[in-house]
Each structure stands twice: as structure tokens, then as C-alpha cells.
Amino acid sequence: MTARDAAFLIDYANSDAKARAQAACAKEADAERIHACEEKARDAFQGDVIRFKRGPDDKKDWAKTVSLVIYKRNGSALREVSVGTVELSEEGADGVRVKLGKQKGARPLWRGQPSVLIKAPNDYSIEFDDPEYGHLRYDAKIGLVTD
């Protein structure tokens, strides 16, 4: 999760956020309005990219306290939405407990939660549950965000 130049991009199509938007928009009268509603819901989702970033002096593979940066994607551009520090602790063979600290900016994910369990089902993705959006899946992208 804290590998250099690693960021995690939402797999929106395979996350509950899309299913919830589709269910909410299904009541619209016609296909054009349904599509517009779903596009509006997708645009409102702010947690497109997540990055757990070690400090410049931290050379260890595993860092306990790291920066958490959340970005909103707009085409190929990324806009920083929230930044702060978090404490990481291993939980089980494929899980990491993330204790959320103070964030600068509006935190688009995990609102009202002091911590979240992030699972790594494989070497290239992470998953977690969000109270507002449900089960979310993110895929690793190396070099998407660089310093």
C-alpha cells in the first residue's frame, strides 16, 4: 500500500457506488434522464484515487504513520481533495487497519469513522466498506501520482 509511486484508482464499475447510483436513478422517466442522473452521481463521487505516502525519511517497506491523500480525477488531471496522516496496523493475513487522523479538506470517504479495515485480496488491489458508498474496490496504478 505504501510502495513508492503507488496509488489506487477506483474500480467504479465493480463497486457498490455505481450500483447504488443506478438504483437511485432507476426511478427517472426515460433512458436519457437515467443516464444524466448516473453521470451526476459519478461526478459527485470524490474518492477516485487514494495514495498512502511514506515520508521522505522513511526507508522501511512498512511504515506505521503515513500520509493519506485522496484525489478527484477529472480526465487525466488529479485534484487533491483531502490530505492528512493515518496510522496503519496489520490485521490478519490480508488486512490493514487504518486509524484516521486529522485531514485537511473534506474527507470524501469514511465520514464519521475513526478507522477502517482495508483488505488486499491480491497484490494489485484493495477493498473496503464505506458507510455512504458501500463496498469499494481500488486497483493499484504505479506512476499515476508522482512527487
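The values are calculated or read from the model by the stated rules, or taken from the named source; none is laboratory data. Nothing here was measured: the structure is a model prediction, and the numbers come from that model. No Cβ is skipped: glycine too gets one built from the backbone with ideal geometry, and neighbour counts run over all protein chains shown.
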Worksheet entry | Residues of segment 1-19 satisfying the condition of being loosely packed, with under 15 Cβ neighbours inside 10 Å and of a type in the set (Gly, Ala, Ser) | ALA3, ALA13, ALA19
Item to complete: Please determine, by comparing only the residues of segment 111-124 that are outside any loop (DSSP other than H, G, I, E, B) and either modelled with pLDDT under 95 or touching a Ser or Thr at 6+ places or on another chain (Cβ under 8 Å) (or both), which one is farthest from ASP94 (Cα to Cα).
Response: ASN122
Practice prompt. Could you please let me know if ALA44 is hydrophobic (A, V, I, L, M, F, W, C) and free of Cβ contacts under 8 Å to residues at least 60 places away in the same chain?
Written response: yes
Practice prompt. Quick one: count up the residues across segment 94-110 that are without any contact (Cβ under 8 Å) to a residue 60 or more places away in the chain and either closer than 26 Å to SER76 by Cβ or not in a strand (DSSP E or B) (or both).
Written response: 6
Response to the item:
When segment 80-93 is checked residue by residue, the ones that are among the aliphatic types (A, V, I, L, M), free of Cβ contacts under 8 Å to residues at least 40 places away in the same chain and either surrounded by 14 or more Cβ atoms within 10 Å (Cβ to Cβ) or within 20 Å of ASP48 (Cα to Cα) (or both) are VAL81, VAL83, VAL86
Discussion item. I need the full set of residues from segment 29-42 which are among the acidic types (Asp, Glu) and outside any helix (DSSP H, G or I), in order please.
Written reply: ASP30
Item to complete: Find the residue count for segment 125-147, including only residues that are assigned to a strand (DSSP E or B), in contact (Cβ under 8 Å) with a residue 60 or more places away in the chain and closer than 23 Å to ASP5 by Cβ.
Response: 9
Response to the item:
Residue count, segment 9-28, condition more than 15 Å from ASP129 (Cα to Cα) and part of a strand (DSSP E or B), comes to 1
